[in-house]
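The values are calculated or read from the model by the stated rules, or taken from the named source; none is laboratory data. None of these values were measured; they are calculated from a predicted model. Here Cβ is always computed from backbone atoms with ideal geometry, including for glycine, and neighbour counts include all displayed protein chains. In case anyone asks, the SASA skips ligands and DNA or RNA and just uses the protein heavy atoms, side chains included. Shrake-Rupley method; radii C 1.70, N 1.55, O 1.52, S 1.80 Å.
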Amino acid sequence: MSAPTIEPGAVRTGSAVEPALRVDSLWKIFGNRADKVIGTEDANLTRKQLQEKTGCVMAVKDVSFEVAPGEVFVVMGLSGSGKSTLVRCLTRLIEPTAGSVVMNGEDVTAADEGRLRELRRRHAAMVFQHFGLLPHRSVRDNISFGLEVRGTGRAERRKRAQDMVDLVGLSGYELSYPDQLSGGMQQRVGLARALAGDPDLLLFDEPFSALDPLIRRDMQNEVIRLHHEVGKTMVFITHDLAEALKLGDRILIMRDGEVVQVGTPDEVVGAPADDYVKDFVSDVPKSHVLTLRWVMRPAREGEADGAPALPADTIVREAARSVLAAEGPVRVIEDDRVVGVVDDEDILRVVVAEEH
């Protein structure tokens, strides 16, 4: 019997498939009697219509998704799309109006106050746009603050803080204070503080929006490096499409509190769900995002026997040199089988289209 397919957003643990985070039919409506809106015709009104009729504001509307352990899951949308409210609902910094959030098998929305504090301290950590560092504490003491709250001994928390200092590239700044650091360095302290408690889940709420472009790029690279090193599950909120495409294993796009599309970067760019997403991705250089799956064609019998091979998930731009240098078509491989071929025309068709 063949093994069951593992859907995106879940991994096999023993005999079961368990997501690191599961959000099911989550709603957040601000206003009096907000809970009375759900399940009525008013829930189908536009955000503006609902506010005019009831005075309530629909921030998050019936959102569901799953995140796999070790996945970087990006939630993106324009200002007012509901993405920051959504991420705050995940740990009940904002109380959801309805729906459930399950983190590593535990229902966060059903937790009492004591258990919720424990979940926030040990299982989920948040990195905000505004760093929230304690100005009277050194870098090392800022990083170890959460461990101090937990009751961790001084020697142990100092060692852990030093490990995190080294991990995020701040060695030598342990005893500096926040006002002595650049914005990028302060955000590294925020990252180190979030990692110090060894949480299962890291939540980022537009952490780099206030940084200069070059520093922002460096911090994006830092997140990628840290993810490779520590393998944490991450939910990353951003309004920046380039950032979402660079960081995300999968991307959820929101508009007016609702989910418009969920997919891998190449799926969002290659097969936008509607005109809204299509407009969003219209300026993206497709050769930088699309994989060979999107440009390959079926192989004719014997056409590529003995030809060079590339994995199907190779980015077109990265494959271009090998394909253009080949004397004929290049085989596209997935799970040790040939799924198609590409030649120089297939590659150039994507690259030339970007120039027009």
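A few notes on this one:
- Listed residues Arg157, Arg225 arranged by accessible area, highest first, probe 1.4 Å: Arg225, Arg157
- Each label point was placed 7 Å from the Cα along the Cα-to-Cβ direction; for Glu52 and Arg33 their separation is 2.0 nm.
- The C-alpha atoms of the chain define a longest principal axis, and helix 213-230 lies at about 90 degrees to it.
- For the stretch 235-246, 3J(HN,Hα) per residue [Karplus equation, 6.51 cos²θ - 1.76 cosθ + 1.60, θ = phi - 60°, Hz, x = Gly/Pro]: 10, 10, 9, 7, 9, 9, 5, 4, 5, 4, 5, 6
- Debye log10 I(q)/I(0) at q = 0.13, 0.18, 0.21 Å⁻¹ for the stretch 158-293, Cα point scatterers: -0.64, -1.04, -1.28
- Counted charge near Lys83, where neighbours are those whose Cβ lies closer than 13 Å (Asp, Glu -1; Lys, Arg +1): -2
- Computed over protein heavy atoms with a 1.4 Å probe, the accessible surface of the chain works out to 50 Å² per residue.
- Dipole magnitude for the stretch 49-102: about 160 debye, using +1 per Lys or Arg Cβ and -1 per Asp or Glu Cβ, origin at the Cα centre.
- Note on Lys286: lysines with a C-alpha under 16 Å away, same-chain residues under 8 apart excluded, are Lys246, Lys278.
- The chain - charge dipole about Cα centre, Lys and Arg +1 at Cβ, Asp and Glu -1, debye rounded to 20: 1580
- Karplus (6.51, -1.76, 1.60) ³J(HN,Hα), θ = phi - 60°, over the stretch 119-133, in Hz, Gly and Pro reported as x: 4, 5, 6, 10, 10, 9, 10, 10, 10, 9, 4, 8, 4, x, 7
- Label corresponding to volume of the Cα convex hull per residue in Å³ when calculated from the structure given, among (i) 157; (ii) 139; (iii) 198: (iii)
- Where only DSSP H runs of four or more residues are counted, the chain gives -10000 deg cm²/dmol as its mean residue ellipticity at 222 nm, each run worth -39500 (n - 2.57).
- Selection from Asn44, Val149, Leu90 lying farthest towards where the dipole of the chain points positive, charges on Cβ: Val149
- Surface composition of the chain: carbon and sulfur make up 47 percent of the accessible area, probe 1.4 Å.
- Set of lysines with alpha-carbon distance to Lys28 below 26 Å, sequence-local pairs under 8 removed: Lys36, Lys48, Lys53, Lys61, Lys83
- Listed residue (Leu290, Leu324, Gly340) projecting farthest to the positive dipole end of the stretch 282-356, Cβ model: Leu290
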